[in-house]
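The values are calculated or read from the model by the stated rules, or taken from the named source; none is laboratory data. Since this is a predicted model, take the numbers as computed values, not measurements. Here Cβ is always computed from backbone atoms with ideal geometry, including for glycine, and neighbour counts include all displayed protein chains. Only protein heavy atoms, including side chains, enter the accessible area calculation; ligands, DNA and RNA are left aside. Shrake-Rupley method; radii C 1.70, N 1.55, O 1.52, S 1.80 Å.
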Amino acid sequence: MEYLKNHQEITNTELKKILDFIITSFKSDYEDGRTALKSIDDTIRRIWDEFIETSFIYKYKDHFEEVYRIYRLSLSNYNKNKVDVVKSVLKNEAHEEFLKRLKIKKVSNYTYDDDFDNISYESFIIHLLKYDVYQNTYNRLWDNIELYKLFYEVNNYEDFTLEKFDGHVVNSPLFRKIFSEYYPSKKIPIAVKRIDDYLNTVYDIIEDSEELNVPVINSEAKDKIRKQTFEIDEQLLILNLCLSDKNSIPLTEKIKLIILIGEIKDDSILYESSSNNKVYQKVNKGILRRGSSNTMLDTIDSIKIKIDEFDLVHTKQTLKKHRTSLISEQKETK
């Protein structure tokens with residue numbers, strides 16, 4: 001398996017390609033006046049649409065997605081100080097799983113092209129390594145979103161990277177270096193770790209000064225809060241985010257959300273069994289409840305518009321993730 005020696009070159013070539021894609025996308029959106037979050041959200045969607053969904057492994061995911069999963073899990077089986085870890089996994093665990101997957105019967109009512117029938121392991125490795133770059137990129141754009149917002153805002157990509165950082169990216173030397181260089185008069189944000197209600201490790205991004213955590217709300221902003229109205233489905237989805245959905249929204253944001261949505265007129269849960277109560281079902285299930293995904297997308301979009309003026313960063317990110325998930329599910333069912 002001499003071709004295994006080329007794995008780093010394959011990865012580096014594809015990584016450069018996708019880095020250029022992201023930076024070009026960001027620069028174009030910047031020139032068009034789009035916000036950082038909008039550009040990042042659109043770029044994440046395009047990574048899914050143009051790279052992941054069009055890949056060989058995704059095309060035949062019933063056969064080869066498991067090979068990728070085994071590949072990722074097996075990377076921890078080897079000591080990087082003694083062997084080439086990627087080469088070892090490709091030679092052993094990934095190869096064994098690939099051979100097993102070739103024996104699986106073809107899925108009925110699915111079109112198989114010549115690329116499936118003629119696949120060799122040497123060719124498959126190229127697909128696998130590219131797919132790994134795409135998946136890592138997709139996840140990293142979410143994980144490092146605060147850093148990419150900063151790159152976008154300063155419109156300088158000299159130090160742009162898709163690397164994984166220890167802890168939160170806001171606390172990384174790279175983020176602090178760029179922020180202090182372009183915003184010398186501002187306090188550098190910090191990410192403070194805490195354990196949420198579901199025992200997950202999450203981070204709250206704050207300024208260095210504790211008093212800056214308390215925003216000053218003028219009378220105009222208070223009027224906006226009082227005048228903002230939410231439809232019942234919007235209220236119930238927000239309650240799901242606050243009570244049932246496993247997410248990283250901090251308690252402070254949840255309190256703000258509950259205040260924002262105001263009074264819930266439907267009090268049927270007070271006298272109906274929860275198993276038959278629509279309010280309970282919607283709050284409990286959230287985006288997973290039965291119904292039109294288009295309707296749910298409309299509800300999410302409406303909420304995003306109504307909370308746009310408020311400091312609800314984690315909520316907005318959670319809604320974006322749910323929106324992307326719904327769109328992906330729609331495409332898979334077509």
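Quick look at the values:
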| quantity | calculated |
| --- | --- |
| Packing-based ranking, highest mean first, of 106-114, 147-155, 17-25 given that Cβ atoms within 10 Å are counted | 147-155, 17-25, 106-114 |
| Region 62-69 - phi-based ³J(HN,Hα) in whole Hz, Karplus 6.51/-1.76/1.60, Gly and Pro as x | 5, 9, 10, 4, 5, 5, 5, 4 |
| The chain, helix-only ellipticity at 222 nm - DSSP H runs n ≥ 4, -39,500 (n - 2.57), divided by all residues, nearest 500 | -18000 deg cm²/dmol |
| Surface per residue (accessible, 1.4 Å probe) for the chain, Å² | 58 Å² |
| Accessible-area composition of the chain, carbon plus sulfur, in percent [1.4 Å probe] | 49 percent |
| Options V154, N109, N136, ranked by Cα towards positive dipole end of region 82-164, top entry (Cβ charges) | N109 |
| Prolate/oblate/rounded label for region 17-155 (Cα gyration tensor, a/c 1.5) | oblate |
| Reachable aspartates and glutamates, given that their alpha-carbon falls under 13 Å from the alpha-carbon of K91 and they are not under 8 places away in the same chain | E2, E122 |
| Helix axis angle, 313-333 relative to the chain longest principal axis, alpha carbon, degrees | 50 degrees |
| Extension gain, I259 back to I206 (0.36 nm per residue minus Cα-Cα distance, nm) | 16.9 nm |
| Anisotropy class of the chain from Cα gyration tensor, a/c 1.5 cut | oblate |
| Dipole of the chain [Lys/Arg +1, Asp/Glu -1 at C-beta], most positive-end residue of F165, T11, S88 | S88 |
| Computed lengthening from Q330 to S274, 0.36 nm per intervening residue step minus Cα-Cα distance | 17.3 nm |
| Anisotropy class of region 246-334 from Cα gyration tensor, a/c 1.5 cut | oblate |
| Within region 71-131: Cβ-based charge dipole about Cα centre, in debye rounded to nearest 20 (Lys, Arg +1; Asp, Glu -1) | 340 debye |
| Separation between Cα centres of region 244-266 and region 91-148, rounded to whole Å | 39 Å |
| Exposure of W142 as accessible area (Å², to 10), given a probe of 1.4 Å and all protein chains | 40 Å² |
| Net lengthening on full extension, K27/K149 (0.36 nm per residue, minus Cα-Cα) | 42.7 nm |
| Acute angle (nearest 10 degrees) that the helix 232-243 long axis makes with the longest principal axis of the chain, alpha-carbon atoms | 70 degrees |
| With DNA, RNA and ligands ignored, accessible area of D84 (1.4 Å probe; Å², nearest 10) | 70 Å² |
| Rough spin-label spacing in nm, given labels placed 7 Å along Cα→Cβ, for R34 and K187 | 3.3 nm |
| Pairs beyond 28 Å (Cα-Cα), from K130/K304; K278/K321; K130/K316; K130/K187; K282/K321; K149/K256 | K130/K304; K130/K316; K130/K187 |
